[in-house]
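A short worksheet on the structure shown next.
Readers should treat all values here as calculations from the given coordinates under stated rules, not as data from a laboratory. Since the structure is predicted, the reported quantities are computational estimates derived from the model, not experimental observations. Cβ placement follows ideal geometry from the backbone for every residue including glycine, while neighbour counts extend to all protein chains displayed.
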Amino acid sequence: MAEATCRRELELEIPAEEVAKQTEKVAKDLAKVARVPGFRPGKAPISLIKKRFAEDIKGEVLQTLVPERVEKAVAEEKLTPVSQPQVDKLEYNEGQPVKFRASFEVLPEFSLGDYKNLEIELPEMTITDESVANTLAEMQQRAATFVPVEGRTVQNDDFVQVKLLGTPEGGGEPLKAASVLCHVGAEETMEPFNENLRGASTGDHKNFDVPYPADYPDAKLAGKTFHYSVDVLGIKTKQLPELNDEFAKDVSDATSLDELKKKIHEGLEHERDHHQQDITREKILAELVKLHDFPVPESLVEHQMDVRLERVVRSLAQQGVDPRAVNVDWVTLRSRQQDRAKDDVKAELVVDRIATEEKIEVGDDDLHKELEHLASHSGESAEVLEARLTKQGALDRMKAKLRSDKTVDWLAQTAKVKTVAAASATSVK
């Protein structure tokens, strides 16, 4: 039966003779360099040194003997600590054995479940003509141009070119834009802009307030009301290019529209295959977690919570968002990661054990292939990358991840995979 925790506590003792011997050694070493008033360096009696530097000597004796005793006990008990041992309940009296308690976490003991017969369901993802048409439409939208409109007022779906000044209620930094396009009637446009610009003509001036909701994505605007002073500079409509061979040449390296459609289809298939690989991996790991019930070390869970939080911060930074400017309760967000972090750690421990059981290892070829792949994206040679990762101590982590990925791929090949129709995931796009 699985134990409720991975924490271990050892009540340990260091014999009095050993303590006395180490105390003598430390005192003698100290006597050689200690400066004591009335004595030349190295000439003060040991008894005086012991008395005068009692706390220093005690500290050094414990610093040497305690870790040695813990290490010996761990080896005797055949334990694998995953956290730094914490020492408490320390008893240190002259002429007596040193007694203390060492607490730490160890890797859990568990038996592997029936991992060779995992059953997973994958949503069917077919690439249809509609999928290709949707991607083509997105390319068409990106290639659109804005054409000026004369002789009428603003209508829904127009793009109004405006100069604006937004002043926050109660003071604060104003918003200024000499020329910006506002898509009237669009879902993402705040309603006061739609109401005030619809029916306007070029040259009109409008004043109105915009109250932003508390959960508005831009932290500078969220929960505030801005008074806007807006000048209408012009009215434009979006003009889509015609879908023909010329369009295909303009937006890609294809020479015809048919060739472009074929390339889109191939791209969507590639995207789908990657997506299915990701889903397969997630489901394999979820099944392994369900199949095994054992406690996981809290220290590893805490580390994984930090890793998950770092991913969120990195993702925001990649989108050009300053994580410090986002209205997020980071402490709560981190604590919400606990259950998933626990599953991450459990899955990692199980996969590692399966890799050992099935003798799955990462060879030089696997490592070289991964280094070549990473090097092609970083602009440096595989040799330089390997040297850098080795220096940073990251090469072993890379090998561990490759071993884990290789094991999950092996599990996916042995699993019984059933494809099911899913209304929400019948196509890519």
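Some notes on this structure:
- Packing-based exposure ordering (other Cβ within 10 Å, fewest first) of HIS227, HIS270, HIS377: HIS377, HIS270, HIS227
- Inter-label distance, GLU17 to ASP29: 2.2 nm, where each label sits 7 Å from its Cα along the C-beta direction.
- Convex hull of the range 1-158 built on C-alpha atoms - directionally averaged projected area, nm²: 27.3 nm²
- For the range 241-292, GluC sites (Glu not before Pro) meeting the loop criterion (DSSP other than H, G, I, E, B) and having at most 13 other Cβ atoms within 10 Å: GLU242.
- Relative contact order (%) - the range 223-351, alpha-carbon pairs under 8 angstrom, separation at least six: 21 percent
- Extension gain, GLN84 back to GLN413 (0.36 nm per residue minus Cα-Cα distance, nm): 114.6 nm
- Karplus (6.51, -1.76, 1.60) ³J(HN,Hα), θ = phi - 60°, over the range 164-169, in Hz, Gly and Pro reported as x: 9, 9, x, 10, x, 5
- Counting only Cα atoms, the range 257-425 measures 55, 48, 47 Å along its principal axes, largest extent leading.
- Charge tally around ALA355: other residues with Cβ under 13 Å, Lys/Arg +1 each, Asp/Glu -1 each, net -2.
- Residues in the range 143-184 that a label on ARG324 would reach, taking backbone N under 20 Å of a point 7 Å out along Cα→Cβ: 173
- According to the calculation over all Cα-Cα pairs in the chain, the P(r) per 10 Å bin from zero is 4, 11, 15, 18, 17, 14, 9, 6, 5, 2, 0 %.
- In percent, rounded to a whole number, the relative contact order of the chain is 20, using alpha-carbon pairs under 8 Å and six or more apart.
- Mean-square fluctuations from a GNM of the chain, with a 10 angstrom spring cutoff on Cα atoms, peak among VAL351, VAL154, VAL26 at VAL26.
- Once C-alpha pairs closer than 8 Å and six or more residues apart are averaged by separation and normalised to the residue number of the range 7-105, the relative contact order reads 44 percent.
- Listed cross-link partners LYS163/LYS220; LYS25/LYS51; LYS25/LYS78; LYS290/LYS359; LYS176/LYS220; LYS116/LYS342 are compared with a 25 Å cut-off, the Cα-Cα value being larger for LYS25/LYS78.
- With helices as the sole contributors, the chain gives -15500 deg cm²/dmol at 222 nm; each DSSP H run of n ≥ 4 counts as -39500 (n - 2.57), and the sum is divided by every residue.
- Between the range 205-247 and the range 94-127, the alpha-carbon center distance in angstrom: 52 Å
- Here the calculated FRET efficiency for HIS205 and VAL147, from their Cβ-Cβ distance with R0 = 25 Å, stands at 0.55, rounded to the nearest 0.05.
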